[in-house]
Structures are given as C-alpha cells and as structure tokens.
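Here is the structure we will look at.
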Amino acid sequence: MNSKKENVLFGWMIAGFAVSTIIIHMLTANNYELHRDGMLYFAMGDHPAAGYLSTPPLIGIVAFLIRHLAGYSVFAIKLVPALLGAVSLITIGFFVRELGGKLLAVFIAGMAYLTSLAFLRSNSLFQPVSFDEFFWLLTSFLFVRMINRNEEQLWPWIGLVIGFGFLAKYSITFLILAWGIALLLSPNRKLLWTKNLLLGILIGFTIVLPNLIWQFEHDWPVMHHMIELQRTQLVNVTLTGFLLSQLMFHFNSLWVWMVGLVVLLFARSEKKFRPIAVAFLMVVLILILSRGKSYYTLGAYPMLFAAGGYIMEKYLIGRWKWVNYALPVVSVLLLIPVLPIGLPILPINKMEAYCQSVSNVAGSGILTWEDGKVHNIPQDYADMTGWNELAKLTAKAYHELSPAQQANCLIYAENYGEAGAVHFYGHAYNLPEPISFSDSYLLWAPDSVGNGALIYINDEVGDIDKLFNSYREIGIINDVNFRENGLKVFICTEPKPEFQPFYAAKADELKSIYRR
C-alpha cells in the first residue's frame, strides 16, 4: 500500500474512532442526572480562581466557558469528556505510527481504548480524571517521540503539556517521576542533560506558578485534601484490590496491553521502546507505595494499547495474522454483557438486579465503594440520581416563603453534592445560590449572614432546633438507589440571637484552616 493511500485511510480510521466515541457518549448523556462531583466542578465556573480546595483550576476554567457559552446545559457538560476521549483516540493513532505501526496496529489499539470499561466510564463524567488521562497520554507520546527521533527540542513542548496537565490534576507528578526514572535507566539518559530540558522546566513552572502561589496563600489545601483522602478513602485501598483492578479495568482487551508491556520489557529487538514499559511499571510501583487509588493508573494504559497494537501487527503475521482481526471482535463480545457498568444505559431501577447478577459471577468489586463496603449499585450511579428531586423539594420550601422572606432566605446544604444540586438543578426554579462548608463551597460561603429564613438540607435536624424558634420538615427523599437516601429539607424561621454568631464562628473556624 502506498504511503499516500495509507495516510488517507489512517485519517479516516482515527476520525471514525473519534466520532464513534462522541456518538456513544452523547446517546447516553441524558440517561442519568449529573454526577455529584460534576456539579461541584460546574459550580467552579461561577467562581474562577487560580485554585480550589480539592482540584487544580483547569476544570473550573472549562466550566466557566461552558457556563457562558452554553448555560446550564447537560449536553455541553457531557460533551467535554467525550471530546477528550475522541482526542485521546486520535493521539493513540499517532502514537502507534510513531512506534512504526501501520493501519492494523492503529485499529487494534483504537479498539482496545474504545471498548475499555474504564475509559467508557471516565469519558462520560465531567471530572478532572478525563483531562488527566488525556494529558498523561499526550505527555507519554511526546516522550516516546523524543526518544524515537532523539529530538531534545521537544522538551519545551513536554513542559507545556505537563504544565497544563498539572492544572488538570496533581497526579501527573506520578507520571513525571516515572518517566524520569525510565529515562535514567535507559541509554536515553543523555536527553536529561540538555538546555532544552531547562527551558521545558521553565515553561511548565510558569504555567503552574499561579496555582502554586494560590496554594501557598491558602496554606496548601492539596495537603489537607490528601490527608483527608488518606483518612477516609485510601485507608480502604488494599494491594490485592489494587492489582485486581488493573486486570479488570480493560479485561476484554487484556492481551493488548499485556503483550505491549511484556514484549517491550524483555525483547531485545524492542529495546528502543523499553522506557514505555519501565515508565508504566514505575507508575504502578509509585502508586502502590503511596497507597493511591487503583484508577490513578488509568492514564498510563493508552501507551500500552499503542505498544500492544504495534507488537501484535509486527509479530502476528502469516498464518497468525487472523488473530489480529479476531481479538478486537472478542473484545466487543466480552464488552456487551458488562456495558452497563461502563455506560449509563440501563434505567437505575434495573441496575441493582443487573449488578447483583454480574457480582455473582465476577465478584463484588464493582459494588465496593470508597468506604470499603459493598452496596447495591456502583458508587458513580448512586451519585447520579436524586438530585433533581432534591432541587424540587428545595424549590417547594422556597416558594412556601413570603416574598419578604425569600428576599433574605439562605439555603444551607451539608455537603457539596447537595449544594451542587441546588446550584445546577435549582437554577430552573430561580433558587438563590446555596451555602455550604463542604469542599470549595467553603471558600465561597459568606463570612456572616443576616437574620432571615433558612432552608436547611441534611439527613437530621442538627443544630437548627437550638438556633431557630420555628422549623418544619418539608419533605424527605425516599430512593434506595440514592447515595443520600433519607435526605431531608427543612424550613427554619424566627432565628434566635445565637444564630448569627454561631454561623460566623463556624465559618471562621473552618476557613482559618486555609489561611496563613
């Protein structure tokens, strides 16, 4: 096949992959409500800043653009991660070509990504994860291109990509460390001693500097966040669970990335690209030692998909060539029965029975939440229901108030998921902006409040009986699939004298954690 024709077919192939993933995600975009985390990140668009308590600023910038270009659009919000998946597939295509692979290799690698349960899930959620995975892939591609062509002038571009990757999610530092070790252990270590590397570091540092200054001014919230993660979530991470997750993330294309890893690691003929395998293993090792979540490794897999496609095309030839065509078909067939785990295609009232049948065969891993306990449905799905009902209950409470009470009404939500629901779904009911002391909502909360009515969202009365002379329950959410089943909405009126100082003291106490 002449190179011109192959280039045309290559273009059509990667375009087909990109369009396919967008269509897949847009067809399922409205099947569930927004994820609790996605609503938090969307709210950041109304509060642009150089940083937030639990995430760098890039997703807030993207949310700002969505908010001002498309408004409160679920379609626009869901389109962003779908586009990141599409661009990732295009990058994988060029990655394969950089390794020396042709069309069949591109097809194998693209199918491995397209049919991955893990990437189907992450590219359906508006979260930093999908941004992070893309920047990991692009960074690895540039490293491999630099190694393959001995082009030290790529360091500034690597610094640029890493800089934006850092603004997407701090975990890209794991990849930087892994690639640094991989280069040190290879003949390519000479690339580490160049002026272009210093220029790349300068470019990357310039990009991340505003966030570092913001972190410093707020007493390093990232450290507080990591300590809280260690206390509440990472303590439940086990080595066995971590390693099993690595096998299950892309189980239906396991042979693709495993072939890429093993052959690059041990075959003398592929020594040039061995740093890919070493970098992957370093990522895994670093995360095991730091007790990172299993999905933190996801960004390292696409480079193995590319390597696996290249290896399979190169060595499975002659009478074995048919395997290259058969295995992607097998990947699709294996995906179909478990597709509802990766994509929200089943109604939530059918997910419990479905997940139970799957767990009977494959174990309870898909039903194990961050708290280490087994539940009825996956955590992400429990986080994508109940929010609209909460907004309606809150609106009911708000519109029971007189116009004078509405003018001074406060809405307080106990956590960012509840606050995000009031912010996003409550927009249709003209609700005021909610107040919460959870996550970045703490930074946006006023230091003091007036003596008006309060709509209180929590699963218990809390302190409102001590702070208000009158309060009543407006409604309760009864949804066994909702993560916060039993959540209540209260109207509180006639505040006691203790209310204002109680709020001010609580706000000051919590905000002081992030003051120098």
Problem set entry | Subset of the range 20-54 (residues that are closer than 30 Å to Phe216 by Cβ and among the hydroxyl-bearing types (Ser, Thr, Tyr)) | Tyr41, Tyr52, Ser54
For this session: Scan the range 259-275 for residues that are open to solvent by less than 70 Å² (accessible area, probe 1.4 Å) and either touching a residue at least 40 places away in the same chain (Cβ under 8 Å) or among the hydroxyl-bearing types (Ser, Thr, Tyr) (or both) and jot them down.
Result: Val259, Gly260, Leu261, Val263, Leu264, Glu270, Phe273, Arg274, Pro275
For this session: Could you check the range 432-516 for helices (runs of 4 or more DSSP H) lying wholly inside it with 1 or more residues that are farther than 26 Å from Ala404 by Cβ, open to solvent by less than 40 Å² (accessible area, probe 1.4 Å) and in contact with a Phe, Trp or Tyr (Cβ under 9 Å, 6 or more places away or on another chain)?
Result: 441-444, 499-511
For this session: Of the numbered conditions (1) assigned to a helix (DSSP H, G or I); (2) free of Cβ contacts under 8 Å to residues at least 60 places away in the same chain; (3) open to solvent by 30 Å² or more (accessible area, probe 1.4 Å), Leu9 fails exactly one; give the number of that condition.
Result: (2)
For this session: Could you tell me which of the residues Val262, Val284, Val256 is over 23 Å from Leu89 (Cβ atoms) and under 25 Å from the mean Cα position of the chain (by Cα)?
Result: Val284
Exercise. Across the range 82-112, what is the total count of residues that are open to solvent by 40 Å² or more (accessible area, probe 1.4 Å) and under 17 Å from Met26 (Cβ atoms)?
Worked result: 2
Problem set entry | Considering residues of the range 416-460 that are among the hydroxyl-bearing types (Ser, Thr, Tyr) and touching a Ser or Thr at 6+ places or on another chain (Cβ under 8 Å) only, the residue nearest to Met39 (Cα to Cα) | Tyr416
Problem set entry | Any pair with Cβ under 9 angstrom, 6 or more apart, that starts in the range 55-75 at a residue that is over 16 Å from Gln127 (Cα atoms) and free of Cβ contacts under 8 Å to residues at least 24 places away in the same chain and ends at one that is part of a helix (DSSP H, G or I) and small (Gly, Ala, Ser) | His68/Gly45; Leu69/Ala76; Ala70/Ala76
For this session: Provide a single number: the residues in the range 30-81 that are in a loop (DSSP other than H, G, I, E, B), closer than 22 Å to Tyr429 by Cβ and open to solvent by less than 30 Å² (accessible area, probe 1.4 Å).
Result: 5
Problem set entry | Only listed residue being of a type in the set (Gly, Ala, Ser) and in contact with a strand residue (DSSP E or B) (Cβ under 9 Å, 6 or more places away or on another chain), chosen from Gly241, Gly200, Gly204 | Gly241
For this session: Could you check Asp219 against (1) part of a helix (DSSP H, G or I); (2) touching a helix residue (DSSP H, G or I) at 6+ places or on another chain (Cβ under 8 Å); (3) open to solvent by 20 Å² or more (accessible area, probe 1.4 Å) and say which number it fails?
Result: (1)
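The values are calculated or read from the model by the stated rules, or taken from the named source; none is laboratory data. Everything numeric here is computed off the predicted structure, so don't read it as measured data. Don't worry about glycine lacking a Cβ; one is built from the backbone with ideal geometry, like all the others, and counts go over all protein chains shown. SASA here: full protein model, heavy atoms, side chains in, ligands and nucleic acids out. Shrake-Rupley method; radii C 1.70, N 1.55, O 1.52, S 1.80 Å.
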